[in-house]
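Engineer: Can you keep this structure in mind? I'll have questions shortly.
The values are calculated or read from the model by the stated rules, or taken from the named source; none is laboratory data. None of these values were measured; they are calculated from a predicted model. Using ideal geometry, Cβ is built from the backbone for each residue, glycine included, and neighbour counts are taken over all protein chains shown.
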Amino acid sequence: MTRNRLPPWLVLLLPAVIIILAVVAIPLVLSLYSSFTPYHLTRPDTLWKWTGSFNYIKAATDPNFWKAFGRTVLLLTIALNAEMLLGLGLALMVSKVTHGQRALRTAMMFPMMFSPILVGFQFKFIFNDNVGLVNNALQSLGLTDVAIPWLVDGNLAMFAIIFAEVWTSTSVFAILILAGLFALPQDPLEAAKVDGCTPWQSFRFVTLPFLMPFIYIAMAIRSLDVARAYDIVQVMTNGGPARRTELLWTLIGRTGYVDARMGYANAMGYIAILLSIGFTVYFFLKLQTARRELGMGD
Amino acid sequence: MAQVQLKNVVKKYGAVGVVHAINLDIAEGEFVVLVGPSGCGKSTTLRMVAGLEDISGGEVIIGDRVVNDLPPRERNLAMVFQNYALYPHMTVRENLGFSLKIAKRPQAEIDRAVDEAAGILSLTPLLDRKPGALSGGQRQRVAMGRAIVRHPDVFLFDEPLSNLDAKLRTQMRVEIKKLHQRVGSTVIYVTHDQIEAMTLADRIVIMRDGHIVQVGTPLEVFENPVNTFVATFIGSPPMNLLEGVIRAGQVVLADGTAIPQPPGLNVAEGRKVQLGIRADNIMPEGHALPPTAHMAFVEMPVILTEPLGTETLLYATLSGTEMQAKMLNPRPVSAGERMRFGIALDKCHLFDAETGNSLRG
Amino acid sequence: MATASQHRIRKRALKVAHFAGLFLAMSIICLPGLWVVLNSFRPTVEIMAKPPVWIPESLSLDHYRAMFGGAGEGGVPVLTYFRNSLIISVTSTVIALLVGMAGGYAFARYRFKGKGVMFVALMASRAVPGVALSLPLFIIFGRTGIIDTHFGLILVYVAMNVPFTIWLIDGFFRQVPKELAEAAEIDGCTRWQAFWRVEFPVARSGIASAGIFAFLTSWNEYALASQLTRSATSKTMPVGLLDFTSQFTLNWGGMCALAVLMIIPALVLTFLVQKHLIAGLTFGGVKG
């Protein structure tokens, strides 16, 4: 009855590792391979033709790809920053509420639980130029008498998408930051007050540093599924009109499934995957550092 | 009830040794306290007896069985944890009866055992509460109750009182002692608090850095510490130690003060030593000096006083070393006052200055 | 005492601003959903009306009746989609929980080399964008014949949910002091018993919320489902929602009704998990 024959942690982790290898890792190897071929869905034999880095060079020289890439990065930067700031603001406001806070907190979580596809649809409806809530409201209030083409104009469509994205995900930040605010020890805050800090200073030098790990958790969680934005865009504009809201993910989807050019789509997919993984790893490492700094590590 | 033997027991984490080949015989019904500073290996030793840690070498014998490879459940022992480890999802009654239920005893027997234990520890009115609704002292009692319900061969206590406040700790100490007198089981008790060790133990095992330094009854280790570590660890305030050299039967301190060496000791001329004097054995003149023929006198300036009521603790300096002395029948003393102190030499100790080992037989 | 009254005014102004800000934020959070719910009860004519009808004149269950009756509204087999979603989500959640419990326990209770790397690697696997992953999966599933089956999607969702489930459950097990299991072992339990009789019940509510979260992820997933399902035999509701847009006339009311059908379980479950979810994330994340 020795306690360590095969390390128990390995036995326990094995099912998880196996299933992830099977469903994620192996397909990724396949997709890496096919990204070096001109694989076309309708012509299976093309899978065996090695073309080297042809697809990657094609992607790198395709202005459509770079536009989509840039737009994706821009969307994420704006959306994540807005989510963080709004989340922080929302959390601070909710934390000050004394009555009915539980109800507020629950309400705050709902958007997070909506299917992204549903969010996309919901905002497609709301921003609809003809029957949408936004235009109806603007027109009824007499602010405008023409229908604003929210999802047709490129910039407005980007705005609508970012709005939808921020709407779903702000709560991730708000909720975790709120949890941080509740866990915030009162002593340092009181000490800061006694030391003569203004409310802003105690927020800046006591509260905020304490909240950082919580913000990183939120970032880490978000980084796990930034690609959820794909679903939203897919429904709202599907990359249109005329590619003006094309993101990396919609471009990949279209190239792979509509044009059936799998090899090329996989090559672009790989770039998107590396981007996502890099993003995730970055925030998990940040999270670990922040933990260590606050002395909350293992 | 059973005896417990540790034979050359070793614990290693990788290449790092935590417990180095310790040997210990614990008799049936004996109350043994493992004491030492944190990191000395006392808890690890206890957990090896419990079966919660692998034993890297040597043997642990409970009763007449080598238990090295037995899981905890087959060792028939009970353990009280520092944080009590009560099952939060069970009521006090379920907590107490859990081990019997696991052993598939009949419900009637479980009820009887639980009621009995609850009676002993006055937990009866709390039986239907959950641990979350109990105070620290009550949780502590439930943890003890859970241990006695099973009538184990050996009780293990891992710093059970360290989460209680000072007053409750004293109270629970008494309860633990009463409990031991009542059930009479073998007890191994781990603590870092020497007062707990002194008051509870039949025998104290003092550990340091994974080694056993000294084993003995509380009075033995108090009166005959084998080295300066035990001397300063056991007893409060800690023993005063003065560095000096033996010259013509006297301990000559750095500043030239000479104190006769304690009687009955034969120490080579010129040997570097440490003279150990407990605060109880150095007292200001005129304040109930103990009657002894071997009295030496020194004069010291008092730097600080701590009045404790029946006595006052005086801090003074001698040859650059801070000393603590007890003043019985205290009078007010002001800092800076020079006083004459009597030292009861027959109660003093000599240690080798380098090894710290006692020079007494 | 000018400063005192200034203080009071400022305090009051802050209070008003606080209330207004909160009200605005909550409106933005709640209105879109409420609007969808409202429209699911309104006849199409009223939804399309110009100028808009603000105060609903006639509420009806027409869209729901159409959805559940016969072949479903606009030929969309909503009930079949609902059933597919339910089967796939529940099964994948149960499996993900079992796998996640084992993995989470390993992370919470054992120290081993490369633990941090392992953890981040697991999480990174979750970060692979659905669309990008769906391309190779589409090829493999097509070859192995599990495309457009419940099994295929369940497999994918288990893999997708495992990392996050591990993260949450790790956090919950960390909250359970290791001494509890030790005490149980001393009380006569085997390790297996100690887990199921002590550690599991103590962490139960947390594990349940990890399960609910996994369920919602599967329930809501679109990117993979949209490529790996083809027909009513395995299409889930998020995919089915798009059936409405492929018609020539957009049936907003019908979509809204289906949306409500999707939202209700999400809302109920969110309400159940909210407390534990935060606890799990923060314990696993911060104190890890």
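Engineer: Among the residues that make up segment A:61-78, is at least one of them surrounded by fewer than 16 Cβ atoms within 10 Å (Cβ to Cβ), of a type in the set (S, T, N, Q) and within 21 Å of C:CYS30 (Cβ to Cβ)?
Structural biologist: no
Engineer: Would you mind stating whether A:TYR257 is surrounded by 24 or more Cβ atoms within 10 Å (Cβ to Cβ) and either in a helix (DSSP H, G or I) or not acidic (Asp, Glu) (or both)? Before you say what the answer is, go through the steps one by one.
Structural biologist: On the way: surrounded by 24 or more Cβ atoms within 10 Å (Cβ to Cβ): no; either in a helix (DSSP H, G or I) or not acidic (Asp, Glu) (or both): yes.
Here the answer is no, as A:TYR257 does not meet what is asked.
Engineer: Right, something else. Suppose we keep only residues that are farther than 20 Å from C:VAL94 by Cα and charged (D, E, K, R) within segment C:172-222. Which one would you say is modelled with the lowest pLDDT?
Structural biologist: Among those residues, the one meeting the criterion is C:ARG174.
Engineer: Going through A:THR72, A:THR51, A:THR46, A:THR77 one at a time, which residue ends up being away from chain C (no Cβ under 13 Å), polar (S, T, N, Q) and in a helix (DSSP H, G or I)? Break it down stepwise before answering.
Structural biologist: Values: A:THR72 fails: away from chain C (no Cβ under 13 Å); A:THR51 fails: in a helix (DSSP H, G or I); A:THR46 fails: away from chain C (no Cβ under 13 Å).
A:THR77 is the lone residue from the list that is away from chain C (no Cβ under 13 Å), polar (S, T, N, Q) and in a helix (DSSP H, G or I).
Engineer: Could you please find all residues in segment C:145-157 being within 11 Å of chain A (Cβ to nearest Cβ) and among the β-branched types (Val, Ile, Thr)?
Structural biologist: Answer for segment C:145-157, where residues must be within 11 Å of chain A (Cβ to nearest Cβ) and among the β-branched types (Val, Ile, Thr): C:ILE154, C:VAL156.
Engineer: Then there is this: Does B:PRO330 satisfy the condition of being at pLDDT below 90, in a loop (DSSP other than H, G, I, E, B) and surrounded by 20 or more Cβ atoms within 10 Å (Cβ to Cβ)?
Structural biologist: Considered against the rule, which asks whether it is at pLDDT below 90, in a loop (DSSP other than H, G, I, E, B) and surrounded by 20 or more Cβ atoms within 10 Å (Cβ to Cβ), B:PRO330 comes out as no.
Engineer: Check off (1) under 21 Å from the mean Cα position of the chain (by Cα); (2) modelled with pLDDT under 85 for A:ALA147 and give me the number that stays unchecked.
Structural biologist: (1)
Engineer: State yes or no: is B:ASN68 more than 14 Å from C:ALA183 (Cα to Cα), surrounded by fewer than 16 Cβ atoms within 10 Å (Cβ to Cβ) and among the polar types (S, T, N, Q)? Spell out how you get there, then give the answer.
Structural biologist: Numbers: more than 14 Å from C:ALA183 (Cα to Cα): yes; surrounded by fewer than 16 Cβ atoms within 10 Å (Cβ to Cβ): no; among the polar types (S, T, N, Q): yes.
In short, no.
Engineer: Going by what's in this entry, would C:ARG197 be described as at the interface with chain A (Cβ under 9 Å from one of its Cβ atoms), closer than 30 Å to B:ALA85 by Cα and surrounded by fewer than 24 Cβ atoms within 10 Å (Cβ to Cβ)?
Structural biologist: Values: at the interface with chain A (Cβ under 9 Å from one of its Cβ atoms): no; closer than 30 Å to B:ALA85 by Cα: yes; surrounded by fewer than 24 Cβ atoms within 10 Å (Cβ to Cβ): yes.
Taking the combined requirement at face value, the residue does not satisfy it.
Engineer: Evaluate the following for C:ALA121: is it closer than 16 Å to C:TRP167 by Cβ, assigned to a helix (DSSP H, G or I) and within 23 Å of the chain's Cα centre (by Cα)?
Structural biologist: Numbers: closer than 16 Å to C:TRP167 by Cβ: yes; assigned to a helix (DSSP H, G or I): yes; within 23 Å of the chain's Cα centre (by Cα): yes.
Judged against the criteria, C:ALA121 is a match.
Engineer: Can I ask one more? Just need a number here: residues in segment B:217-242 that are at negative phi and within 11 Å of the chain's Cα centre (by Cα).
Structural biologist: Applying the first criterion (at negative phi) to segment B:217-242 yields B:217-234, B:236-242.
So of that shortlist, the ones also within 11 Å of the chain's Cα centre (by Cα) come out as B:217-218, B:221-222, B:230, B:233-234.
Counting residues in segment B:217-242 that are at negative phi and within 11 Å of the chain's Cα centre (by Cα) gives 7.
Engineer: Checking C:GLY280 against (1) facing another protein chain (nearest Cβ under 10 Å); (2) at pLDDT below 80; (3) under 30 Å from C:GLY152 (Cα atoms); (4) in contact with a Leu (Cβ under 9 Å, 6 or more places away or on another chain), which single condition isn't satisfied?
Structural biologist: (1)
Engineer: Any chance you could count how many residues in segment A:81-102 are at pLDDT 85 or above and either away from every other protein chain (no Cβ under 14 Å) or on the phi > 0 side of the Ramachandran plot (or both)?
Structural biologist: 2
Engineer: Would you kindly identify the strands (runs of 3 or more DSSP E) lying entirely within segment B:1-82 that contain at least 2 residues that are of a type outside the set (Ser, Thr, Tyr), in contact with an Asp or Glu (Cβ under 7 Å, 6 or more places away or on another chain) and within 19 Å of B:ARG203 (Cβ to Cβ)? Before the answer, list the steps.
Structural biologist: Numbers: elements: B:4-13, B:16-26, B:31-35, B:57-62, B:77-80.
Once the strands (runs of 3 or more DSSP E) in segment B:1-82 are filtered for at least 2 residues that are of a type outside the set (Ser, Thr, Tyr), in contact with an Asp or Glu (Cβ under 7 Å, 6 or more places away or on another chain) and within 19 Å of B:ARG203 (Cβ to Cβ), what remains is B:4-13, B:31-35.
Engineer: Return the pair list, or none, for Cβ contacts closer than 7 Å from residues in segment A:107-122 that are more than 7 Å from every other protein chain (Cβ to nearest Cβ) to residues that are part of a loop (DSSP other than H, G, I, E, B), at least 6 apart or on different chains.
Structural biologist: Note: no pairs meet the criteria.
Engineer: Further question: Could you go through segment C:71-93 and let me know if any residue there is in contact (Cβ under 8 Å) with a residue 12 or more places away in the chain, polar (S, T, N, Q) and not assigned by TED's automatic domain parsing to the domain that holds C:MET262.
Structural biologist: Taking every residue of segment C:71-93 in turn, none turns out to be in contact (Cβ under 8 Å) with a residue 12 or more places away in the chain, polar (S, T, N, Q) and not assigned by TED's automatic domain parsing to the domain that holds C:MET262.
Engineer: A further question on this structure: Out of the helices (runs of 4 or more DSSP H) lying entirely within segment B:192-249, which hold 2 or more residues that are touching a residue at least 24 places away in the same chain (Cβ under 8 Å) and in contact with a helix residue (DSSP H, G or I) (Cβ under 7 Å, 6 or more places away or on another chain)? So that I can check it myself, show each step before the final result.
Structural biologist: Values: elements: B:194-200, B:218-223, B:228-233.
Hits in segment B:192-249: B:194-200, B:228-233.
Engineer: Right, B:VAL190: among the β-branched types (Val, Ile, Thr) and within 25 Å of B:PRO72 (Cα to Cα) or not? Spell out the reasoning first.
Structural biologist: Values: among the β-branched types (Val, Ile, Thr): yes; within 25 Å of B:PRO72 (Cα to Cα): yes.
The answer is yes for B:VAL190.
Engineer: Considering each residue of segment C:46-68, count those that are part of a helix (DSSP H, G or I), away from chain A (no Cβ under 11 Å) and either of a type in the set (Val, Ile, Thr) or more than 11 Å from C:TRP252 (Cα to Cα) (or both), and give that number.
Structural biologist: 6
Engineer: Further, regarding this structure: Looking at segment A:8-19, I want the residues that are facing chain C (nearest Cβ under 7 Å) and within 18 Å of C:PHE164 (Cβ to Cβ) and have a partner that is β-branched (Val, Ile, Thr) and in a helix (DSSP H, G or I) with Cβ atoms under 8 Å, at least 6 apart or on another chain. Which pairs are those?
Structural biologist: A:PRO15/C:VAL99; A:ALA16/C:VAL99; A:ALA16/C:VAL162; A:ALA16/C:ILE166; A:ILE19/C:VAL99; A:ILE19/C:VAL158; A:ILE19/C:VAL162
Engineer: A follow-up question, please. Among the candidates B:ASP165, B:ASP153, which residue alone is acidic (Asp, Glu), within 19 Å of C:GLU185 (Cα to Cα) and either surrounded by fewer than 19 Cβ atoms within 10 Å (Cβ to Cβ) or touching a residue at least 40 places away in the same chain (Cβ under 8 Å) (or both)?
Structural biologist: Numbers: B:ASP165 fails: within 19 Å of C:GLU185 (Cα to Cα).
Unique residue meeting the criteria: B:ASP153.
Engineer: Go over the candidates A:PRO185, A:PRO213 one by one and state the one that is more than 12 Å from every other protein chain (Cβ to nearest Cβ) and at pLDDT below 85. Even if it seems obvious, please write down each step before you answer.
Structural biologist: Details: A:PRO213 fails: more than 12 Å from every other protein chain (Cβ to nearest Cβ).
Just one listed residue meets the conditions, A:PRO185.
Engineer: Can you confirm whether C:PHE164 is within 14 Å of chain A (Cβ to nearest Cβ) and either in a helix (DSSP H, G or I) or over 22 Å from A:TYR230 (Cβ atoms) (or both)?
Structural biologist: Numbers: within 14 Å of chain A (Cβ to nearest Cβ): yes; either in a helix (DSSP H, G or I) or over 22 Å from A:TYR230 (Cβ atoms) (or both): yes.
Criteria met by C:PHE164.
Engineer: Moving on. Residues in segment A:236-243: is at least one within 11 Å of chain C (Cβ to nearest Cβ) and either touching a helix residue (DSSP H, G or I) at 6+ places or on another chain (Cβ under 6 Å) or not in a helix (DSSP H, G or I) (or both)? Reasoning before the result, please.
Structural biologist: Filtering segment A:236-243 down to residues within 11 Å of chain C (Cβ to nearest Cβ) leaves A:236, A:238.
Cutting the leftovers down to either touching a helix residue (DSSP H, G or I) at 6+ places or on another chain (Cβ under 6 Å) or not in a helix (DSSP H, G or I) (or both) gives us A:236, A:238.
The answer is yes; a qualifying residue exists.
Engineer: Mind checking which helices (runs of 4 or more DSSP H) fall wholly inside segment A:93-178 and carry at least 1 residues that are surrounded by fewer than 20 Cβ atoms within 10 Å (Cβ to Cβ) and β-branched (Val, Ile, Thr)?
Structural biologist: On the way: elements: A:101-113, A:116-126, A:133-140.
Counting at least 1 such residues, we get A:101-113, A:133-140.
Engineer: Pairs only if they're at least six apart or on different chains, beta carbon under 8 angstrom, first in segment B:81-109 and within 10 Å of another protein chain (Cβ to nearest Cβ), second of a type in the set (S, T, N, Q); list them, first residue then second.
Structural biologist: Filtered contacts from segment B:81-109: B:GLN82/B:SER162; B:GLN82/B:ASN163; B:ASN83/B:ASN163; B:TYR84/B:GLN140; B:TYR84/B:ASN163; B:LEU86/B:ASN95; B:TYR87/B:ASN95; B:ILE102/C:GLN193.
Engineer: Suppose we keep only residues that are touching a Phe, Trp or Tyr at 6+ places or on another chain (Cβ under 7 Å) and free of Cβ contacts under 8 Å to residues at least 40 places away in the same chain within segment A:152-179. Which one would you say is nearest to the other protein chains (Cβ to nearest Cβ)?
Structural biologist: For segment A:152-179, the residue satisfying everything is A:ALA179.
Engineer: Suppose we keep only residues that are more than 9 Å from chain C (Cβ to nearest Cβ) and hydrophobic (A, V, I, L, M, F, W, C) within segment A:272-295. Which one would you say is farthest from A:LYS67 (Cα to Cα)?
Structural biologist: A:PHE283
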